[in-house]
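Below you'll find the structure, written out as structure tokens, and then a few comments.
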Amino acid sequence: MRYLQLRLHLPSEVRHPMHQFLSEQELIRRAYLRHWNFSDPSAVTTLFHVVGDVAEGSDEYIDALDAVDTIVEYDITPVDDRSFYVYVTEATNGIARELRTLLTDTDLLVVPPIVYGPDGEMQLEIAGHDSELQAVVAGLPSHVSVSVDRLGEYDAHRESSVAVLTERQREVVSVAREIGYYDVPRNAGVRDVADRLDCSKSTTANHLRKAEARLVALYGDGNTT
């Protein structure tokens, strides 16, 4: 059995309103879809871990939830000053129906979390046989751009690039990538990342070093092809 780590970019016209929200402000920039339940054919129930400036951005996030007419109910549980969980029940129509199709109408295994970021970015990992993995990539709509971050033999003991980092490290790396810290040539420095995170330069540099060390160890495990 093989697995793929995919990075998708969805145009604004096909994004869920809460995914679009991540691109329309600077305070809440990433959401991790941790769990889902499709036992009720009329609804999709999901659990997201939302990361950002909770103190400043949570009210705006709640307003955005209230504006989505397909959301039946939601419940928010604070975690710390940088994140919270949101439990959502949404009517199965439109984009919610597409999510159900993506996660259930296939023999492939979708490995959580699915990561939603700004500018329509989604990251997900899927496992299955080679032919099925190739078919799902080939079957993506033409308006969805896709890149393969990683391909290899599936190993349940292998940590994914999402799971291997702490929530804070993922946030720091995501912001660094977003503003050009990893561009070639580099378009932003540690200070720029720190300013975006409202964090000290030394703390930001420490998070980046630890995250990069973990990712180098992960990608040096010999399982990639």
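The values are calculated or read from the model by the stated rules, or taken from the named source; none is laboratory data. Computed from a predicted model, the values in this text were never measured in an experiment. Cβ placement follows ideal geometry from the backbone for every residue including glycine, while neighbour counts extend to all protein chains displayed.
Among the helices (runs of 4 or more DSSP H) confined wholly to region 139-225, which include 1 or more residues that are out of contact with any Cys (no Cβ under 7 Å at 6 or more places or on another chain) and modelled with pLDDT under 85?
167-179, 201-219
Scan region 24-49 residue by residue and report those that are touching a helix residue (DSSP H, G or I) at 6+ places or on another chain (Cβ under 9 Å), surrounded by 15 or more Cβ atoms within 10 Å (Cβ to Cβ) and within 20 Å of ASP69 (Cβ to Cβ).
ALA31, ALA43, VAL44, THR46, PHE48
Could you check, for region 70-84, whether at least one of its residues is of a type in the set (Asp, Glu), surrounded by 14 or more Cβ atoms within 10 Å (Cβ to Cβ), at pLDDT 90 or above and within 30 Å of THR166 (Cβ to Cβ)?
Scanning region 70-84 turns up no residue that is of a type in the set (Asp, Glu), surrounded by 14 or more Cβ atoms within 10 Å (Cβ to Cβ), at pLDDT 90 or above and within 30 Å of THR166 (Cβ to Cβ).
Residues are listed down the side, and each one gets a yes or a no for (1) within 19 Å of the chain's Cα centre (by Cα); (2) not aliphatic (A, V, I, L, M):
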residue: SER39; (1), (2): no, yes
residue: SER58; (1), (2): yes, yes
residue: ASP75; (1), (2): no, yes
residue: VAL79; (1), (2): yes, no
residue: ALA91; (1), (2): no, no
residue: ASP107; (1), (2): no, yes
residue: VAL111; (1), (2): yes, no
